[in-house]
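To start, the structure under review is shown below, and the notes come after it.
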Amino acid sequence: MNRREALTTLSAAALATAVTGERTMAQDDKTIAVIGTGRMGGAFGKLFSGAGYTVVYGSRNPAEEKVQAVVKATSGATAMSAKDAAAKAGIVVLATPWTATEATIKSMGDLTGKLILDPTNAISFGKDGAGLSVATSGGELVRDWAKGAAVVKAFNTVGYFVIADPKVLDGKVAVFLASDDAAAKDKVMAMVNGLGFEAVDVGPMRNARVLEGMSTLYMVPYMSGKPDQRFEWAVRRSGGVKLGPVRPAG
């Protein structure tokens, strides 16, 4: 093979990598980019660093004192721009306020080949409590904005304090997973179970509409001044119960 042929081969390989989203070493699945450094971001950082992942926070102001306080509270973590954090990780967690989510995703550039966990909720708050703020769901919009990435709706119904410490309550809290990418969902399911939660597959991403509706119910005790009635979601499996023939719907 002459020099020109070698260069052509290398260029073709590079193009194939770009098209297929094949990960490089910089996109290690043991490195997680947590985009956002609020309560949810800090909780995810604590969860993942405690499980042995390397956490990189993405922030608009990584040098800011309050951001650095979150970094110092997270073992082995660093902070940088959202784009740089996403570039270093194979897995990206969107711990952003819903209103900032679209702009944040677009600021991260090419997300091809990334696995994105979306715990956001496209909801708004009014005098009557929380309500859905989009016609479809935040999960479906995130999927469409993050072109080339595999997006899994996850953790949107779980309190930040449980994310930070899954053992804070007796029994396992449920993490409902919705995605159009079956392989990505299986991967996240194994991860979630390994972190001490109970992963529950609830089907394709369109079911994020239901999950985000569940998040509005979650907010009721908080917004009605009844903190003693706060709850987390859990499931009771019924697969072992023998049932008669199931009639088709319709």
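What follows is calculated from the coordinates using simple rules that are stated; it is not laboratory data. It should be emphasised that the depicted structure is a prediction, and the values quoted were computed from it without experimental measurement. Heads up, the Cβs are rebuilt from the backbone with ideal geometry, glycines too, and the neighbour counts pull from every protein chain shown.
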*Binning at 10 Å from 0, report for the chain what percent of all alpha-carbon pair distances ends up in each bin.*
7, 28, 34, 19, 8, 3, 1, 0
_Fully extended contour minus Cα-Cα distance, from K147 to K106, at 0.36 nm per residue_ = 13.8 nm
*Helix 208-218 versus the longest principal axis of the chain: what is the Cα-based angle in degrees, 0 to 90, to the nearest 10?*
50
*Which of these, G76, G126, G213, has the largest mean-square fluctuation under a Gaussian network model of the chain (Cα springs below 10 Å)?*
G126
*Please give the helix 98-107 orientation as an angle from the longest Cα principal axis of the chain, in degrees from 0 to 90, rounded to the nearest 10.*
10
*Give, in nm to one decimal, the length gained when the segment between R247 and E65 is fully stretched (0.36 nm per residue of separation minus the Cα-Cα distance).*
59.5 nm
*Order of 102-109, 226-233 by packing, highest average Cβ count within 10 Å first?*
102-109, 226-233
*Which stretch or stretches of the stretch 204-244 have amide N atoms under 16 Å from the point lying 7 Å from K127's Cα along the Cα→Cβ direction?*
224
*Using only C-alpha atoms and all pairs of different ones, pull out the Kirkwood radius for the stretch 130-250 in Å with one decimal.*
16.0
_Per-selection Rg to Rh, the stretch 128-178 - Cα, Kirkwood hydrodynamic radius_ = 1.06
_So, R0 is 22 Å and r is the distance between the beta-carbons of R236 and R39; what FRET efficiency does that work out to, to 0.05?_
0.15
*asked:* Connecting C-alpha atoms closer than 10 Å in a GNM of the chain, tell me which of K147, K187, K46 has the biggest fluctuation.
replied: K187
*asked:* Report the Cα centroid-to-centroid distance between the stretch 71-93 and the stretch 203-250 in angstrom, as an integer.
replied: 32
